[in-house]
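Q: Here's a structure for you.
The values are calculated or read from the model by the stated rules, or taken from the named source; none is laboratory data. For clarity, every value in this text was computed on a predicted model and none was experimentally measured. Here the Cβ positions follow ideal geometry from the backbone for every residue, glycine too, while neighbour counts run over all protein chains shown.
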Amino acid sequence: MTAPPAPALEAAAAARVTLVLGAGDTGKSTLVARLAAALVRRGHSVAVVDADLGQSDVGPPTTVGLGRVRRPIERLDEVEVSDLEFLGVTSPATCLRETAEATARLVARALAEGCERVLVDTSGLVQGDLGRALKRVKIDRVRPDVVIALERAAECEPILRAYAGGSPALVRLPAAPTTPRSALARRRQRVQALETHLAGAVPVTLDLTRVPVRAVPARRGLAVVAVEGVLVGLDDRGGRTRGLGWVRSVDAGKARLTIETAVDGEAIAAVAIGRERYRAA
């Protein structure tokens, strides 16, 4: 694998938490993978938190994922997933704070589990009021030691300006010369990633008098009863998301919810109803 730029590698090697930001198709995930590989080769224990809900590499779309990097890798989708936080959407527009807090929780978990270096990959939403708000609240919640910004034309500066001369340390790099992906290509990638995650799914019927159901924040104001075809997060007894499923049917009279999932039904202790639809009801 090509080595990461020296300024980025030396900054990440000296930091507990490094957050990478930039617009879409600037090479963020590639840089994170290269940093992870280089740090592992140096003997560090490394974790990656993937906070890109729509184009996740560590864990399926609609989640923030945590993965341990135990060997040099070429791509982030090679990382071993160890934990997930289900947000139920592919865009953080309706859950800025929740996305930032989920990211911060997984970073804290990685550090608590003994990871010496944690790398945070982020979405390409950096411009406009929404993009600036998302990245600032994420930086403030995660509290990285270093922020590495990949820029084409100073598009990250409105975000970085708030941290100039203080903490975190800032490293600016030119964006990688990549070919922008179309919205259709991004959607196809999401669908493929979900299909891969749900491969081997079987029907599991849950007793709703025993298994609590909640709606993710992005479903506020939406009816939870009309959920056929909707993606769900499946939590274990410890409150951790074990994986995803989709709702096949609801029997309100018998208080039964039937989902399709590859998660062991015996391990499911709670269900979080998302907003994204996996397939038509």
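Q: Any residue at all in region 249-259 that's free of Cβ contacts under 8 Å to residues at least 60 places away in the same chain, crowded, with 22+ Cβ neighbours inside 10 Å and closer than 17 Å to residue 60 by Cβ?
A: So far as region 249-259 goes, yes, one or more of its residues are free of Cβ contacts under 8 Å to residues at least 60 places away in the same chain, crowded, with 22+ Cβ neighbours inside 10 Å and closer than 17 Å to residue 60 by Cβ.
Q: Among the residues in region 3-12, are any within 12 Å of the chain's Cα centre (by Cα), modelled with pLDDT of 95 or more and farther than 18 Å from residue 125 by Cβ?
A: Residues of region 3-12 that are within 12 Å of the chain's Cα centre (by Cα), as a first pass: none.
Taking every residue of region 3-12 in turn, none turns out to be within 12 Å of the chain's Cα centre (by Cα), modelled with pLDDT of 95 or more and farther than 18 Å from residue 125 by Cβ.
Q: Further question: Residue under question is residue 117, and the condition is that it be under 26 Å from residue 174 (Cβ atoms) and surrounded by fewer than 24 Cβ atoms within 10 Å (Cβ to Cβ); does it hold?
A: Numbers: under 26 Å from residue 174 (Cβ atoms): yes; surrounded by fewer than 24 Cβ atoms within 10 Å (Cβ to Cβ): no.
No.
Q: Return yes or no: is residue 217 within 25 Å of residue 98 (Cβ to Cβ) and either touching a His at 6+ places or on another chain (Cβ under 9 Å) or modelled with pLDDT under 90 (or both)? Break it down stepwise before answering.
A: On the way: within 25 Å of residue 98 (Cβ to Cβ): yes; either touching a His at 6+ places or on another chain (Cβ under 9 Å) or modelled with pLDDT under 90 (or both): yes.
Against the criterion (within 25 Å of residue 98 (Cβ to Cβ) and either touching a His at 6+ places or on another chain (Cβ under 9 Å) or modelled with pLDDT under 90 (or both)), residue 217 qualifies.
Q: Right, another one. Does residue 35 count as farther than 14 Å from residue 116 by Cα and either assigned by TED's automatic domain parsing to the domain that holds residue 134 or not in a loop (DSSP other than H, G, I, E, B) (or both)?
A: On the way: farther than 14 Å from residue 116 by Cα: no; either assigned by TED's automatic domain parsing to the domain that holds residue 134 or not in a loop (DSSP other than H, G, I, E, B) (or both): yes.
Here the answer is no, as residue 35 does not meet what is asked.
Q: Is region 220-233 home to any residue that is farther than 15 Å from residue 63 by Cα, in contact with a helix residue (DSSP H, G or I) (Cβ under 8 Å, 6 or more places away or on another chain) and at pLDDT 90 or above?
A: Looking for residues that are farther than 15 Å from residue 63 by Cα, in contact with a helix residue (DSSP H, G or I) (Cβ under 8 Å, 6 or more places away or on another chain) and at pLDDT 90 or above, one finds none in region 220-233, hence no.
Q: Filter region 91-113 for residues that are crowded, with 24+ Cβ neighbours inside 10 Å and in contact with a Pro (Cβ under 9 Å, 6 or more places away or on another chain) and give the result.
A: Within region 91-113, 99, 107 qualify.
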